[in-house]
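S.K.: Just passing along the structure, written as structure tokens.
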There are 2 protein chains.
Amino acid sequence: MTSELHERIECEALRRKLMPVEEAVRLVRNGDVLAVSGFTKAGEPKAFLPALARHLAGLGPDARITLYSGASLSEEVEGPLAPYIARRGPYMASSASRRLIHAGKMDYTDVHLSHFARGLMYGFYGDIDLAVVEVSRIRHDGSVVLSASVGVSAEALARARAVVLEVNTAIPDFTGVHDIVLPPAPPTIGWPVPVTGVRDRIGLPHVPLDPAKVVAVVHSRQPDFPVPFRADEAVCTHIADQVIAFLGECRDRFDWHHWVPPLQSGVGNIANAVIAGLARSPFKRLHFWTEVFQEGLLGLLADRDRFAGASAAALSLADTSPARVAALLAAARGDLLLRPMWMSNNPEVIARLHVVAMNTPLEVDIYGHVNSTHVEGSRIVNGLGGSGDFFRNAYLSIAHTPSVRTLRDGRTVSCVLPYVGHVDHTEHDIKCVVTEHGYATNFSIRSPRARARDIIDRCAHPHFRPLLQEYLAIAGEGDEPRLSPMDRLEGWWRQYDAACLAFPRAGATG
Amino acid sequence: MTSELHERIECEALRRKLMPVEEAVRLVRNGDVLAVSGFTKAGEPKAFLPALARHLAGLGPDARITLYSGASLSEEVEGPLAPYIARRGPYMASSASRRLIHAGKMDYTDVHLSHFARGLMYGFYGDIDLAVVEVSRIRHDGSVVLSASVGVSAEALARARAVVLEVNTAIPDFTGVHDIVLPPAPPTIGWPVPVTGVRDRIGLPHVPLDPAKVVAVVHSRQPDFPVPFRADEAVCTHIADQVIAFLGECRDRFDWHHWVPPLQSGVGNIANAVIAGLARSPFKRLHFWTEVFQEGLLGLLADRDRFAGASAAALSLADTSPARVAALLAAARGDLLLRPMWMSNNPEVIARLHVVAMNTPLEVDIYGHVNSTHVEGSRIVNGLGGSGDFFRNAYLSIAHTPSVRTLRDGRTVSCVLPYVGHVDHTEHDIKCVVTEHGYATNFSIRSPRARARDIIDRCAHPHFRPLLQEYLAIAGEGDEPRLSPMDRLEGWWRQYDAACLAFPRAGATG
């Protein structure tokens, strides 16, 4: 045992359970239910899971497991394992898993992240045979300090019959960054969560764990896989400008004065552009109650006038080199807390703090329904993750999307449609639809028809506006008219398909 | 002033503002925004609103107001007023309003009740010109004791520029029944709501009110309009039996032991049958965290072994005679609290108490999406009310519906469809679909396809099962396959329409 590893494992009983990862994976049997750490590529068991894929391959063609994680794992980790996963939840972002799910070879249930964490404790998802959790330290009593994500790790450790700890010495010691508390399960009634600010600590910095449940400790020296941070695209900057204009309108209209609501910002290009835009905006003292503390937020950290604290379930970075992560933790300590996803996504806190939720869906419809998950209504992309947890309970819920999207086959489709193929968020839950062309709010009492005209006129791409206006004109009776399949719908969709093909190549987003 | 009325108005300054209702309604001008008391016919201003309809009729053909209420008003009250309502929210159950909404003559926005109450305080719905609230007592300092509902009355009184109080001497004095607390509005952060049991009192028994805001006090002697309590139908009893079987399964599977989760039960035949079923069931010490304390619950009140307390936003009874209501209040005092709807429907409390939510939708689909509001996707019936507040945050969310419904034209349609015409609750939020044929749970990780087979086989009417199974077979690729409109959908719907016509007249629901 290296001195570095020795220092990270304070518990003598657990030092004795250290074993090569190839030996530890043999503890997994065909049919086991595994719950693993990992959330947006952060803090996953990077040594154990690839070795597990090799072990399962050796068990024969029918070997299958059930895999739960906090949220998405890296393709490097989930890809090789995918053929051996029979059941997967509550979220994934693996192309290998996606193919198997679409082909009916992997069963996947898309669950609100906060629901899944609670459901795990409630017994909804049955027994867990093995929890596999990356930790940055094992304390003297066997309790553990997690790493770059919390996700569902604490629930997994509490519920699993057996535990494998993957001690990662290539990452900094995260002691002091986490705030761990478990959801109370029936018949135990819950308690009022005493969080009234993003930096409020209400739990423990470590996860209690009975060392007797630990069946193996393995050593990892693999930093987290980086989450690509893509450069600004013009369309994202335009969307960000609209988001900031909307927030400015709300500040004036709803008398925020110097207050800025805590922000939940998703992952990806648009979220990055919004953060970059906020850094240039008149909004000061920003605080974040969010799922993922992502690369784009780092730029704010140094500016004490701009950054007032953050709470998240994971730290998802583009550069995960150990020195950089250590420097970040040192800079943010006290201002950044990583929490279990039932808490990061807790409706109670999201409502109480008046969080502004911002997420990028696949498409929206003219009445304000949102599809976050299924292409053409049938094929899941990743999952809805925490978008429902946040949208449903936010003070302001913002669905931001480019107005059009270019498919692999070259066609350009509208992201504003008469109706979405799959509804993940209902029109009741969305306060603002944003595209690069503008934003449409949902504050007043008015007819769905009036809201539709607003979304079409402000948010739809000009190329598709006339067609959407025509839909509304021919859609017939009712307050939220929808053409029935037997009606003139087929004709309309033929026109729409023709418009997608006719979309001009240049200026596609402007 | 009668001695009875004198006794009910303790505040001398407000006694002086007593005026005939025909005079008070003249304070309403064309274009005014009114927020009124009333929730499921309980506690509405029964003298003022009909007089207001006559006043507005006298203002000329273009006179229009905006009308907010807690939830539904009686047809007797809303019907005559409907032609003068330009904008209506957040809920209605008036056939007169419905016709105008469908015809595009009244703008209606369907809002989650908890969102609407919060939004009113947040300023989302603008200024309120006049609050009109039925009260059972005006206290010495001008603060008021509400009557059979709380709904959005406290927010209306807080936000309105002017107030009309309708003192009803035909109803008992409700002092001690209410628990009033307002939602904190940005930039003020909320606090942890200290409710951990249905009988926990956290606010005031009255609503504070500045007497200077009161522009008129009117006298009413009209008891609430009764809410019909229909007799058990066999299909409702069968549904209730399935609900109770499901709860029994959960008790055993999730180790409730003697605990029974608080119940939210909707209004109507099925809800009544469920309550009646529970009264005969092995479940003891029932407690209710619900929107409406309805007639069906009265039978439980007398049985202290059966009834352990209730919290609701309104008291909605089939017999509203004053003596009966007074007897009920005397019997239930301390065990029954009426709360503002942002609190009765508060996600924080619903999640914490592990509430079982039960609501009757219009239709469900094979994947678990639920339509609570729109017939044929286009025409609103009432609104979603609190169903989303409860379904989304419940421990167990139960959508119960007959498997088929007979339309006015004699056709019998399936309430289990390939997809619903309007999604009010997503598949993520529903833990159990129940019909008279059985129940289908959503606890494990499995494919949407497998869930669909389960819902079809257990819940769909046998007459429609083969067709639904065929849909799933031909629906094509993807994890949650849906026929595109350009596909073979039209053919399937033709078959479905034929099946509706061919539904056997006898044994329609069995």
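The values are calculated or read from the model by the stated rules, or taken from the named source; none is laboratory data. What you see is a predicted model, and the numbers here were worked out from it, not measured in a lab. Cβ coordinates were reconstructed from backbone atoms using ideal geometry, including for glycine residues, and neighbour counts include every protein chain displayed. Each accessible area value is taken on the protein alone, full model and side chains, heavy atoms only, with ligands, DNA and RNA left out. Shrake-Rupley method; radii C 1.70, N 1.55, O 1.52, S 1.80 Å.
S.K.: Distance from a point 7 Å along Cα→Cβ of B:ALA103 to each backbone N in the stretch B:53-70: keep the residues under 20 Å and list them by number.
M.R.: Label zone hits: B:53-67.
S.K.: Ok, one more. Measuring from label point to label point, each 7 Å out along Cα→Cβ, what is the B:SER444 to A:HIS257 span in nm?
M.R.: My value for the distance between the label points is 5.7 nm.
S.K.: Cα-based Rg of the protein assembly as shown per 2.2 N^0.38 Å, rounded to two decimals? Each step should come with its number before you reach the end.
M.R.: Details: Rg = 28.6 Å, N = 1020, 2.2 N^0.38 = 30.6 Å.
In units of the 2.2 N^0.38 Å rule of thumb, it is 0.93.
S.K.: Once the whole set of protein chains is in place, how much accessible area is left on A:ARG199, using a 1.4 Å probe, in Å² to the nearest 10?
M.R.: Probe radius 1.4 Å; accessible area of A:ARG199 about 120 Å².
S.K.: Give me the distance in nm between label points sitting 7 Å out from Cα along the Cα-to-Cβ direction at B:ARG280 and A:ARG221, one decimal.
M.R.: 7.2 nm
S.K.: If you don't mind, there's one more thing I want to ask. Please average, across the residues of A:118-126, the number of beta carbons from any other chain that are within 10 Å of each residue's own beta carbon, and give a whole number.
M.R.: On the way: counts 3, 4, 0, 0, 6, 5, 11, 3, 4.
Partner-chain Cβ atoms within 10 Å, mean over residues of A:118-126: 4.
S.K.: So what's the net charge close to B:PHE390: Lys and Arg +1, Asp and Glu -1, counting the other residues with Cβ under 11 Å from its Cβ? Walk me through the intermediate numbers first.
M.R.: On the way: positive: B:ARG392; negative: B:GLU291, B:ASP389, B:ASP429.
Neighbourhood net charge equals -2.
S.K.: Here's something else I'd like to know. Return the ratio Rg/(2.2 N^0.38 Å) for chain B, where Rg is computed over Cα atoms only. Walk me through the numbers before you get to the answer.
M.R.: Details: Rg = 23.5 Å, N = 510, 2.2 N^0.38 = 23.5 Å.
Normalised by 2.2 N^0.38 Å, the Cα Rg of chain B equals 1.00.
S.K.: Next question, about the same structure. With the radius of gyration and the Kirkwood radius both derived from the Cα set of the stretch A:367-510, what is their ratio Rg to Rh? Write out the running numbers ahead of the final one.
M.R.: On the way: Rg = 14.9 Å, Rh = 15.8 Å.
Expressed as Rg/Rh, it is 0.94.
S.K.: Along the Cα-to-Cβ line of A:ARG161, 7 Å from the Cα, sits a label point; which residues in the stretch A:204-221 have backbone N less than 12 Å from it?
M.R.: Output list for this probe position: empty.
S.K.: A further question on this structure: Heavy atoms only, 1.4 Å probe, whole protein assembly: order A:THR373, B:THR109, B:THR175 by accessible area, highest first. Before the final figure, lay out each step's value.
M.R.: Details: A:THR373 0, B:THR109 25, B:THR175 55 Å².
From most exposed to least exposed: B:THR175, B:THR109, A:THR373.
S.K.: Does any residue of the stretch B:409-436 lose at least 40 Å² of accessible area with all protein chains in place compared with its chain alone, and if so which ones (probe 1.4 Å)?
M.R.: B:HIS422, B:VAL423, B:THR426, B:HIS428
S.K.: Here is a further query. Under the rule of at least 5 residues apart or a separate chain, name every residue whose amide H is placed under 5 Å from the amide H of A:ARG137.
M.R.: For A:ARG137, the qualifying residues are A:VAL145.
S.K.: Here's another thing I want to ask about it. Mind checking which of A:PRO340, A:GLY388, A:THR441 is farthest towards the positive end of chain A's charge dipole, using Cβ charges of +1 (Lys, Arg) and -1 (Asp, Glu) about the Cα centre?
M.R.: A:PRO340
S.K.: Can I ask one more? Near A:GLY43, within a Cβ-to-Cβ distance under 12 Å, what is the net charge of the other residues, with Lys and Arg +1 and Asp and Glu -1?
M.R.: Details: positive: A:LYS41, A:LYS46; negative: A:GLU44, A:GLU134, A:GLU166, A:ASP224.
That sum, taken over residues with Cβ under 12 Å, equals -2.
S.K.: Right, something else. How big is the gap, in Å, between the Cα center of the stretch B:272-327 and the Cα center of the stretch A:339-404?
M.R.: 37 Å
S.K.: Moving on. What number comes out for the charge environment of A:ARG29, summing +1 per Lys or Arg and -1 per Asp or Glu over other residues with Cβ under 15 Å away? Let's see the in-between values first.
M.R.: Values: positive: A:ARG26, A:ARG64, A:ARG161; negative: A:GLU23, A:ASP32, A:ASP62, A:ASP127, A:ASP129.
That works out to -2.
S.K.: Sum -39500 (n - 2.57) across every DSSP H segment of at least 4 residues in chain A, then divide by the residue count to get the 222 nm mean residue ellipticity, nearest 500.
M.R.: Working: 18 runs with 158 residues, N = 510.
Theoretical 222 nm ellipticity from helices: -8500 deg cm²/dmol.
S.K.: With charges only on Cβ, +1 for K and R and -1 for D and E, what is the dipole size of the stretch A:234-507 about its Cα centre, in debye, rounded to 20?
M.R.: Numbers: 27 positive and 29 negative charges, 109 e Å.
For the stretch A:234-507, the charge dipole is close to 520 debye.
S.K.: Could you pull the copy-to-copy label distances for A:ILE202, with points set 7 Å along Cα to Cβ, in nm to one decimal and sorted shortest first?
M.R.: Those label-point separations list as 1.2 nm.
S.K.: Here's another thing I want to ask about it. Sort the stretch A:139-276 into rounded, prolate or oblate with this rule: let a ≥ b ≥ c be the square roots of the eigenvalues of the Cα gyration tensor; rounded if a/c is under 1.5, and if a/c is not under 1.5, prolate when a/b is larger than b/c, oblate otherwise.
M.R.: Values: a/c = 3.02, a/b = 1.63, b/c = 1.85.
In terms of gyration-tensor shape, oblate.
S.K.: Here is a follow-up. What's the total accessible area buried between chains B and A, using a 1.4 Å probe, rounded to the nearest 100 Å²?
M.R.: Values: alone 19670 and 19670 Å², together 32480 Å².
Answer for the B-A pair: about 6900 Å² buried.
S.K.: For the residue pair B:ASP127 and A:THR406, what label-to-label distance in nm results when each label sits 7 Å from Cα along the Cα-to-beta-carbon direction?
M.R.: About 5.0 nm separates the two model spin labels.
S.K.: Here's another thing I want to ask about it. Quick check on the stretch A:234-507: of the DSSP beta bridges with both residues there, what percent are antiparallel, nearest 5%? Before the final figure, lay out each step's value.
M.R.: Details: 12 of 35 bridges.
Percentage antiparallel, nearest 5: 35.
S.K.: Grab every C-alpha pair in the stretch A:3-220, bin the distances at 10 angstrom width from 0 up to the longest one, and report whole percents.
M.R.: Per 10 Å bin, starting at 0, the Cα pair percentages come out as 9, 35, 37, 17, 3, 0.
S.K.: Looking at the protein assembly as shown, send over the antiparallel percent of its DSSP beta bridges, to the nearest 5. Mind dumping the intermediate values first?
M.R.: Numbers: 38 of 142 bridges.
Taking every DSSP beta bridge with both residues in the protein assembly as shown, the antiparallel ones total about 25 percent.
S.K.: Still on this structure, I have one more. Taking A:LYS284 as the anchor, which aspartates and glutamates have their alpha carbon closer than 18 Å to its alpha carbon, excluding any fewer than eight residues away along the same chain?
M.R.: Reachable aspartates and glutamates: A:ASP241, A:GLU249, A:ASP252, A:ASP255, A:ASP303, A:ASP305, A:ASP335.
S.K.: Here is a follow-up. Please list, ordered by chain and number, the residues whose modelled amide H lies under 5 Å from the amide H of A:THR320; skip anything fewer than 5 residues away on the same chain.
M.R.: For A:THR320, whose amide H was placed from the backbone, there are no distant partners under 5 Å.
S.K.: Taking square-rooted eigenvalues a ≥ b ≥ c of the alpha carbon gyration tensor, is the stretch B:210-285 rounded, prolate or oblate, where a/c under 1.5 means rounded and, failing that, a/b exceeding b/c means prolate?
M.R.: Numbers: a/c = 4.26, a/b = 1.96, b/c = 2.17.
It is oblate, given that a/c is not under 1.5 and a/b is not larger than b/c.
S.K.: Give the average over all directions of the projected area of the C-alpha convex hull of the stretch A:234-507, one decimal, in nm².
M.R.: Working: hull surface 61.9 nm².
Directional mean of the projected Cα hull area for the stretch A:234-507 stands at 15.5 nm².
S.K.: Something else about it: Where the accessible area of the stretch A:3-220 is counted over protein heavy atoms with a 1.4 Å probe, how much of it, in %, is carbon and sulfur? Don't skip to the end; give the middle numbers.
M.R.: Values: 3540 of 6710 Å².
So the carbon and sulfur contribution to the accessible surface is 53 percent.
S.K.: If you don't mind, there's one more thing I want to ask. How high is the FRET efficiency between A:ALA234 and A:SER321 when r is their beta carbon distance and R₀ equals 30 Å, given to the nearest 0.05?
M.R.: Values: r = 30 Å, r/R0 = 1.01.
Given R0 = 30 Å and the Cβ-Cβ separation, E is 0.50.
S.K.: Students often forget the sequence filter, so: which lysines lie under 22 Å Cα-Cα from B:LYS213 once same-chain residues fewer than 8 apart are removed?
M.R.: Cα-Cα hits under 22 Å: B:LYS17, B:LYS46.
S.K.: If a paramagnetic tag sat 7 Å from the Cα of A:ARG505 along the Cα-Cβ line, which residues of the stretch A:394-417 would have the backbone N under 19 Å from that point?
M.R.: Those under the cut-off are A:405-413.
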